[in-house]
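Take a look at the structure below.
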């Protein structure tokens, strides 16, 4: 504890010395001044957009991923093939070009077939993140489901359960417990990749930081605070996932 306190004091001394020499400008995010408070409030106002964007994209990604994963494990090659093509194709596309295509190109494609629709930055980012992440989520589902002993499926058949009932009541509940950590990692990935939404005008954390940099001309200090904002988000998610894992283990032991 003393060592941690000493490190913190040293950091404050160093930052204070840099600030007095004019190399640093922490005053732009200093909570003791009115300007700093306004800037911090402006930066934090992007939290809700980032969280809501990430949550909706994660839910859609898990739903799409499951729909892609199940046919991919079928014994029918014509069901497996579309799943395999989708996964390989989506995983090969970088997120940023896909974001531009969904936001700018998708409405044009729809208009060419007689469907006139506009996509705003919020839903454009959600669609892109959900599709991009669904390919990775599908592989997580596949590995989790295939890790369940085949005897579980055979036992379900002996009691008269069909394929849907077996998956819903026997296989998936066990698989979810095993794939929870990698699913949590994918959610963290979505939170971090949501920063790309700033390039199409989405008012999330990164966009707010970019706009503040333009007015304050202090990129180092503002982006440093932005890093801490994402760090807090990731730590909260990690804490919740660990709590959920402990709860699931305790339920199993009862």
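Things to note:
- Residues of the stretch 42-58 satisfying the condition of being in contact (Cβ under 8 Å) with a residue 40 or more places away in the chain and under 17 Å from the mean Cα position of the chain (by Cα): 46, 47, 49, 50, 51, 53, 54, 56, 57, 58
- Residue within the stretch 148-156 that is surrounded by fewer than 18 Cβ atoms within 10 Å (Cβ to Cβ), under 16 Å from residue 68 (Cβ atoms), within 28 Å of the chain's Cα centre (by Cα) and at pLDDT 85 or above present: no
- Unique match (being crowded, with 16+ Cβ neighbours inside 10 Å, under 30 Å from residue 98 (Cβ atoms) and in contact (Cβ under 8 Å) with a residue 12 or more places away in the chain) among 171, 176, 131: 131
- Per-region count, the stretch 28-37, residues out of contact with any helix residue (DSSP H, G or I) (no Cβ under 8 Å at 6 or more places or on another chain) and either within 16 Å of residue 229 (Cα to Cα) or not in a helix (DSSP H, G or I) (or both): 2
- When restricted to residues that are closer than 19 Å to residue 126 by Cα and either outside any helix (DSSP H, G or I) or touching a helix residue (DSSP H, G or I) at 6+ places or on another chain (Cβ under 7 Å) (or both), the stretch 53-104 contains 24.
- Matching residues in the stretch 13-52 - criterion: being surrounded by fewer than 11 Cβ atoms within 10 Å (Cβ to Cβ) and either touching a strand residue (DSSP E or B) at 6+ places or on another chain (Cβ under 8 Å) or at pLDDT 80 or above (or both): 31, 32, 34, 41
- Of the listed requirements (1) free of Cβ contacts under 8 Å to residues at least 40 places away in the same chain; (2) under 18 Å from the mean Cα position of the chain (by Cα); (3) surrounded by 15 or more Cβ atoms within 10 Å (Cβ to Cβ), residue 227 misses just one: (3).
The values are calculated or read from the model by the stated rules, or taken from the named source; none is laboratory data. If you're wondering where the values come from, they're calculated on a predicted model, not measured in any experiment. Ideal geometry is used to build each Cβ from the backbone, glycine not excepted, and the neighbour counts take in all protein chains shown.
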